[in-house]
Amino acid sequence: MELVENSPLDTGKIASLISTRDDMFLVWPIAKWPFDHRQWAEALDPGKGNVSFIIREGGKPVGHAALLNKGVPDTCMVSFLYLLPEYRSQGLGRRMVAALEDYAIHTFGAKRLRLVVRDYNSRALKCYLHCGFKETGRDGTLITMEKDLQEGIAGGQPAGAGDAL
């Protein structure tokens, strides 16, 4: 598994992966359907310090993830995580999160990651809990989670850094 920076930002690559309304709803419940390239380009604007990644397995694009700059010092927001249905429940999500952690630490000097997940997305919630994220708040179906990256550093290696990419 590898993270490949989607740079320059190509929303067409993301649109080719998220092909159903149901999957779009899990990734971004307020996203317009059909896929709105302008909406995604604005949300992932690299000029604001955001980084979009295409997830590859065996050289094939199988998902998407992003690290967003929300202006909070030492913190990256993990967002828009998606894996094609046939690649779910195989540990790829945990490896993807570990790779995002590594990137955030080494590229941005991040000390924590934040994310939001909906309570009805039980597969994603289970993955994030397994990766060490802790719930920090709830608002309706929205669960806010955070992970302190300094807790996982042992000998200079972020938690999960040993996972095969």
Over the stretch 2-111, what is the relative contact order in percent, taking alpha-carbon pairs closer than 8 angstrom and at least six residues apart? 25 percent
Cβ under 15 Å from L142's Cβ, L142 left aside: what net charge do those residues give with Lys, Arg +1 and Asp, Glu -1? -1
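Give, in nm to one decimal, the length gained when the segment between K134 and R38 is fully stretched (0.36 nm per residue of separation minus the Cα-Cα distance). Numbers along the way, then the final one.
Working: separation 96, 0.36 × 96 = 34.56 nm, distance 3.25 nm.
Gain on stretching K134 to R38: 31.3 nm.
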Using θ = phi - 60° and Karplus 6.51 cos²θ - 1.76 cosθ + 1.60, couplings along the stretch 109-114 (whole Hz; Gly, Pro as x): x, 5, 10, 7, 10, 10
Could you give the size of the charge dipole of the chain about its Cα centre, using +1 on the Cβ of each K and R and -1 on the Cβ of each D and E, expressed in debye and rounded to the nearest 20? 220 debye
Residue-by-residue Karplus 3J(HN,Hα) for the stretch 6-12, coefficients 6.51, -1.76, 1.60, Hz, glycine and proline x: 8, 9, x, 4, 10, 5, x
Show which lysines lie in cross-link reach of K147 when reach means a straight Cα distance below 26 angstrom and same-chain residues fewer than eight apart are skipped. K48, K70, K111, K126, K134
Farthest toward positive dipole pole in the chain [+1 Lys/Arg, -1 Asp/Glu at C-beta], among L84, L115, L26: L26
If you take the square roots of the eigenvalues of the alpha-carbon gyration tensor of the stretch 7-165 and sort them as a ≥ b ≥ c, do you get rounded (a/c under 1.5), prolate (a/b over b/c) or oblate? rounded
Within a 10 angstrom radius of the beta carbon, how do C131, C76 rank from fewest other beta carbons to most? C131, C76
Each residue of the stretch 68-78 in turn: what ³J(HN,Hα) in whole Hz from Karplus with 6.51, -1.76, 1.60 and θ = phi - 60°, glycine and Pro shown as x? 10, 8, 9, x, 9, x, 6, 10, 10, 9, 7
Round to a whole angstrom and tell me the spacing of the C-alpha centers of the stretch 66-90 and the stretch 93-126. 5 Å
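Only the coordinates and a few stated rules stand behind these numbers; no lab work does. Model, not experiment: these values are computed from the prediction. With ideal geometry, Cβ positions are generated from the backbone for all residues, glycine too; neighbour counts draw on all protein chains shown.
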